[in-house]
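I have placed the structure first, in the form of structure tokens, so that the comments after it can refer back to it.
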There are 2 protein chains.
Amino acid sequence: MNPIGNLNKIFESRIRLGVMSVLMVNVNEEVSFNDLKELLEVTDGNLASHLSTLEENAYIKVHKGFIGRKTNTTYSITKAGEKAFKGHLAALEAMIKFNQ
Amino acid sequence: MNPIGNLNKIFESRIRLGVMSVLMVNVNEEVSFNDLKELLEVTDGNLASHLSTLEENAYIKVHKGFIGRKTNTTYSITKAGEKAFKGHLAALEAMIKFNQ
DNA sequence: TAAAAGCACTTTGTGCATCAAAGTTATATT
DNA sequence: AATATAACTTTGATGCACAAAGTGCTTTTA
């Protein structure tokens, strides 16, 4: 059986993988654009484009708010995102087990 | 700490990941070009190019031989390849654990 | 014995993705 | 008034994945 058939194309990018991982860990907290940027050590433009890919796939949700009058954008994982990410991790785990 | 800092760029391709996985499992057997092609369900040209990337990085070794007079090419993982792949799997595992 | 098929590629070409850098708009700080 | 921060968008370069077609050699089949 094809060992890579269940991997999710969207999660082949390290940055998208990292975003999902961070959002998964912090399910109950708001994670801001800047948190992600610092955690993953990426340029803001690059991060923004990966975030929009994840959003287009409905794997994450964006909350645009304010702190006072200053914009504050936070991100969270969706149900679909959780499911997709868990599926991908399961596929990776299966591959890893295969190798032990 | 950056959750994706230890991932190996070479293994972001599903096909290269699959090749390494197959070669890791079958350390003691010869794995032919055609075995890989059928296991991973890829076109031969595509497979060839990924194999050559892995070879350039010294992660796999090629054995060109014959069965009778017909060419027979097989592949195996190198020590460096094993090390790199295990490192990548460890990084993935760390990320997965982070998520449980 | 001619045609078809298999092996293991290489070449070519398209389209997409990654990424950095610079630009943008609005607010905040000094 | 000048600089900085937030959260992007735009631009542009580079590279990658992939399919398809071509290649040279051998084997099988009609």
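The values are calculated or read from the model by the stated rules, or taken from the named source; none is laboratory data. This one's a predicted model, so the numbers in the text were calculated from it and none came from an experiment. Here the Cβ is made from the backbone with ideal geometry for all residues, glycine too, and neighbour counts use every protein chain on show. Side chains included, ligands, DNA and RNA excluded: accessible areas come from the protein's heavy atoms. Shrake-Rupley method; radii C 1.70, N 1.55, O 1.52, S 1.80 Å.
So is B:GLY81 crowded, with 19+ Cβ neighbours inside 10 Å, at pLDDT 95 or above and at the interface with another protein chain (Cβ under 9 Å from one of its Cβ atoms) or not?
no
Here is a check on your reading of the model: is A:ASN46 farther than 20 Å from A:GLU82 by Cα and either within 9 Å of DNA strand C (Cβ to nearest atom) or aliphatic (A, V, I, L, M) (or both)?
In short, yes.
Test B:ASN2 against the criterion of being at pLDDT below 95, within 14 Å of another protein chain (Cβ to nearest Cβ) and more than 27 Å from A:MET20 (Cβ to Cβ), and give yes or no.
No.
Taking the criterion of being open to solvent by less than 30 Å² (accessible area, probe 1.4 Å), under 15 Å from the mean Cα position of the chain (by Cα) and either of a type in the set (S, T, N, Q) or within 11 Å of DNA strand C (Cβ to nearest atom) (or both), would at least one residue in the range B:11-29 satisfy it?
Within the range B:11-29 (the criterion being open to solvent by less than 30 Å² (accessible area, probe 1.4 Å), under 15 Å from the mean Cα position of the chain (by Cα) and either of a type in the set (S, T, N, Q) or within 11 Å of DNA strand C (Cβ to nearest atom) (or both)), the answer is yes, since at least one residue qualifies.
Of the residues B:LYS64, B:LYS70, B:LYS86, only one is at the interface with chain A (Cβ under 10 Å from one of its Cβ atoms), open to solvent by 70 Å² or more (accessible area, probe 1.4 Å) and either within 15 Å of DNA strand C (Cβ to nearest atom) or within 18 Å of A:ALA94 (Cβ to Cβ) (or both); which?
Exactly one residue qualifies, and that residue is B:LYS86.
Can you tell me which of (1) free of Cβ contacts under 8 Å to residues at least 12 places away in the same chain; (2) in contact with a Leu (Cβ under 6 Å, 6 or more places away or on another chain) is the one B:ILE77 doesn't meet?
Against the list (1) free of Cβ contacts under 8 Å to residues at least 12 places away in the same chain; (2) in contact with a Leu (Cβ under 6 Å, 6 or more places away or on another chain), B:ILE77 comes up short only on (1).
Hey, could you check the range B:30-58 for residues that are within 13 Å of another protein chain (Cβ to nearest Cβ) and open to solvent by less than 50 Å² (accessible area, probe 1.4 Å) and say which is nearest to B:LYS97 (Cα to Cα)?
B:LEU40
Quick check on the range B:11-18. Is at least one of its residues modelled with pLDDT under 95, under 26 Å from B:ALA90 (Cα atoms) and assigned to a loop (DSSP other than H, G, I, E, B)?
The answer is no; no qualifying residue exists.
Scan the range B:55-78 and give yes if some residue there is assigned to a helix (DSSP H, G or I) and among the hydrophobic types (A, V, I, L, M, F, W, C), otherwise no.
Scanning the range B:55-78, I find no residue that is assigned to a helix (DSSP H, G or I) and among the hydrophobic types (A, V, I, L, M, F, W, C), so the answer is no.
Just to be sure I understand, how many residues within the range A:80-100 are in contact (Cβ under 8 Å) with a residue 24 or more places away in the chain and within 28 Å of B:ASN26 (Cα to Cα)?
Total meeting the criteria: 8.
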